[in-house]
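Heads up, the thing below is written out as structure tokens.
The values are calculated or read from the model by the stated rules, or taken from the named source; none is laboratory data. These numbers were taken from a predicted model, which means no experiment stands behind them. All Cβ positions, even for glycine, are placed from backbone atoms using ideal geometry, and neighbour counts span all protein chains on display. Just so you know, the surface numbers come from the protein's heavy atoms only, side chains and all, with ligands and any DNA or RNA stripped out. Shrake-Rupley method; radii C 1.70, N 1.55, O 1.52, S 1.80 Å.
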Amino acid sequence: MTGAPLLELDKLSTHYVSAQGSRVVRAVDEVTLSIHAGETLGIVGESGSGKSTLALTILRVLPPAARIVSGRMMFEGEDLVTKSDEEMRHVRGKRIAMILQDPMASLNPLFTIGDQVSEPIRVHEGESRAKAWTRARELLKAVRIPSPETRLTQYPHEMSGGMRQRIVGAIGIACEPRLLIADEPTTSLDLTIQAQYLKLLGDLQKAHGLALIFITHNLGIVAKMCDQLAVMYAGRVVESGPVSQIFNRPAHPYTRALLNSIPVMGDPDKRLTAIDGQPPDMSTMPPGCSFAPRCTSVMPRCREAEPPPFVVGEGRISRCWLAEPATGGAELRVAGGVA
Amino acid sequence: MKQYIIRRSSYSLLSLFLLSLTIFFFVRVTGDPATLLVEPGASAADIAAIHQRFGLDKPLWTQYGLFVWSLFQGDLGQSFYYQTPVFELYLDRLPNSLLLAFVAMSLSLLIGIPAGIMASVQVGRFWDGFGKLFTLLGQSLPSFLVGLVLILVFSVYLGWLPSSGAGTPLHLIMPAFALGWYFAASHMRLTRSSMLEVLGSEYIKLARLKGLPQSMIIAKHAFKNALIPVLTLAGINVVVMVNVAVVVETVFAWPGIGRLLYEGITFRDFPIVQGVVIMGGGMIVIVNLVIDILYAIIDPRIRLES
């Protein structure tokens, strides 16, 4: 991928601070990533690894206790961290949109589908109600909802989960954003609907030249959908790079463990390997590498010093001492992340 | 479902029975009404005549039986003092009580809902703190004290408002406020917590992600959802208001049902006290019964538990 990235995160950190300021949770810790137009970036990690906080950080829709403490988010040449709330509001839904994971809860039960789908068009483009509704009908058609005309006047409870999630998707693309962030959009859908929905997202991406950030814990989906992958553990990106390379030759022990824990169909002899232990308590992080307590290749120095991001190939980094180049161990940082 | 309604209704009847029993014996503990109905120094014969006239000479259980029997026939009895049916007196005063309740309710909603929204949007900041003080005072200050302070300030010192009676809109202001404050506080608290719950929901998050202005998120998406429980409470509170206005109606000499009850108590007018209490209790029992049945219709889990 050539040219400047669409979105470039540079050592971005978001912390949750308790009311007394005594407990600090580094939910997103020095994350460096980038994504180009038309590309799909998968972000995987266990629950609580900071994936969703990262997504909410990009849109700056964080809960009151969370603060972006450092870093930059360059989007189309502008730093989103320094934008005012009002400027940010014009980015949300218009240039960057997001799909939430729970289709049953993310639509307002008291307003019609037409109202909710046309809302961003009316707010961001100042369209009249009638025009916005016409476009909403087109959007429902685009996400393959049958008889969109009647659906527009219906309420969320009159629809199935799969249909609602497609409507949330329609809201996402309503103003033709440049970047769409999908936070586990298929977790609560059943398998056949999941496949349909993923195909739909892929089609929309092609049709609109969207960049897509796909947050999931399903590595199968990553293999199918994504070009780039970032693996998160305890708030950090521990490995990132092109999906095919990471799947073939994972550099970080955590990525390896994740890949080994995927069940393989038709191979009854292969036992599933679980990762022993629990993710660390994010408010009292151990010194050194946060994965060290669970790592099978742990070395003494892992418990002392935190590994920096080492370049392990073209556009690939790994935060692991094993990836340290043999030549003197010089710390090599990458400016452009996974690009 | 049918079984549930039958069971629930029999509970309601049981509560009404216990209420009738309690109120019947409690009023009789207050003393002999005959002594208040005759001239001072009246002869024992006169008093006995009055006892006989009102059936107070019969054994208590017989009196109670007669009371319940006439209740079943829809008769609340006849006032000792006014010499007219209690039900007529009740209907006579009802419009005044409803008017006061309506104004106090409107006031409580007009104050409580916006204040609750402000507090929820400003959690932990000035308006939330101010709101907490407002609810604390509203729910802990007795309404007679509020009433007396209002009279002292607005009638005695400032001379702006009439201290008692009914007839003009000016007469309504102080009693409505004294009665409405408590309810404004309770509506405010519920609006605040209901708003906070709604503001934490996924659809509000999506509204934010859509880039809607904060004012639109609050006024359109959050408010409408948060209003549902508040309106439910307000509906129940109207009934409660009509019945708890005794103190306020007494302080401001407002000719409503509460004042009627107060008169009944001072004159030991047993039928009035019994009648007003049974009517009030009946209303509350019926409202609760209807709500319980509605919940069971809405939520299948409640039906299954029975």
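Tabulated values for the structure
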{"quantity": "Heavy-atom surface of the stretch B:86-266, accessible at 1.4 Å and reported per residue (Å²)", "calculated": "45 Å²"}
{"quantity": "Largest-first principal axis extents, alpha carbons of the protein assembly as shown, Å", "calculated": "122, 62, 57"}
{"quantity": "Cα gyration tensor shape of the stretch A:196-293, rounded if a/c is under 1.5, else prolate or oblate by comparing a/b with b/c", "calculated": "oblate"}
{"quantity": "Ratio of the Cα radius of gyration of the stretch A:119-223 to 2.2 N^0.38 Å, where N counts its residues", "calculated": "1.09"}
{"quantity": "Listed residue (B:Gly282, B:Gly256, B:Ile217) projecting farthest to the positive dipole end of the stretch B:204-306, Cβ model", "calculated": "B:Ile217"}
{"quantity": "Degrees between helix B:257-266 axis and first principal axis of chain B (Cα, 0 to 90, nearest 10)", "calculated": "40 degrees"}
{"quantity": "Chain B: translational diffusion in µm²/s, Stokes-Einstein, Kirkwood Rh over Cα pairs, 20 °C, 1.002 mPa s", "calculated": "96 µm²/s"}
{"quantity": "Residue among B:Phe144, B:Tyr203, B:Val121 farthest towards the positive dipole end of the stretch B:86-266, charges placed on Cβ", "calculated": "B:Tyr203"}
{"quantity": "Residue (of B:Pro271, A:Gly45, B:Ile173) at the positive-pole extreme of the protein assembly as shown, dipole from beta-carbon charges", "calculated": "A:Gly45"}
{"quantity": "Isotropically averaged projected area of the stretch A:275-325, using the convex hull of Cα atoms (one quarter of hull area), nm²", "calculated": "4.1 nm²"}
{"quantity": "The stretch B:86-266, accessible surface, carbon-and-sulfur percent (1.4 angstrom probe)", "calculated": "73 percent"}
{"quantity": "Where only C-alpha atoms are counted, convex hull volume of the stretch B:86-266 per residue in Å³", "calculated": "125 Å³"}
{"quantity": "Rounded tilt (10° steps) of A:161-172 against the dominant C-alpha axis of chain A", "calculated": "90 degrees"}
{"quantity": "Dipole moment magnitude, nearest 20 debye, the stretch B:86-266 about Cα centre, only Lys, Arg, Asp, Glu C-beta charged", "calculated": "840 debye"}
{"quantity": "Among beta bridges that DSSP assigns inside the protein assembly as shown, antiparallel share in %, nearest 5", "calculated": "60 percent"}
{"quantity": "Cα-only radius of gyration and Dmax that characterise the stretch A:75-144, units Å", "calculated": "14.0, 39"}
{"quantity": "Cα gyration tensor of the stretch A:1-109 - equivalent ellipsoid semi-axes, whole Å, descending", "calculated": "22, 18, 16"}
{"quantity": "Net charge over other residues, Cβ less than 11 angstrom from the Cβ of A:Tyr16 (K, R count +1; D, E count -1)", "calculated": "+3"}
{"quantity": "Largest to smallest accessible area among A:Ser283, A:Ser70 [probe 1.4 Å]", "calculated": "A:Ser70, A:Ser283"}
{"quantity": "B/A buried area, accessible surface, summed, 1.4 Å probe, Å²", "calculated": "1900 Å²"}
{"quantity": "Assigned charges on the beta-carbon of Lys, Arg, Asp, Glu; the protein assembly as shown dipole about Cα centre (debye)", "calculated": "920 debye"}
{"quantity": "Nearest-20 debye value, chain A charge dipole, Cβ charges on Lys, Arg, Asp, Glu", "calculated": "260 debye"}
{"quantity": "Stokes-Einstein D for chain A, Kirkwood Rh over Cα pairs, 10 °C, 1.306 mPa s (µm²/s)", "calculated": "75 µm²/s"}
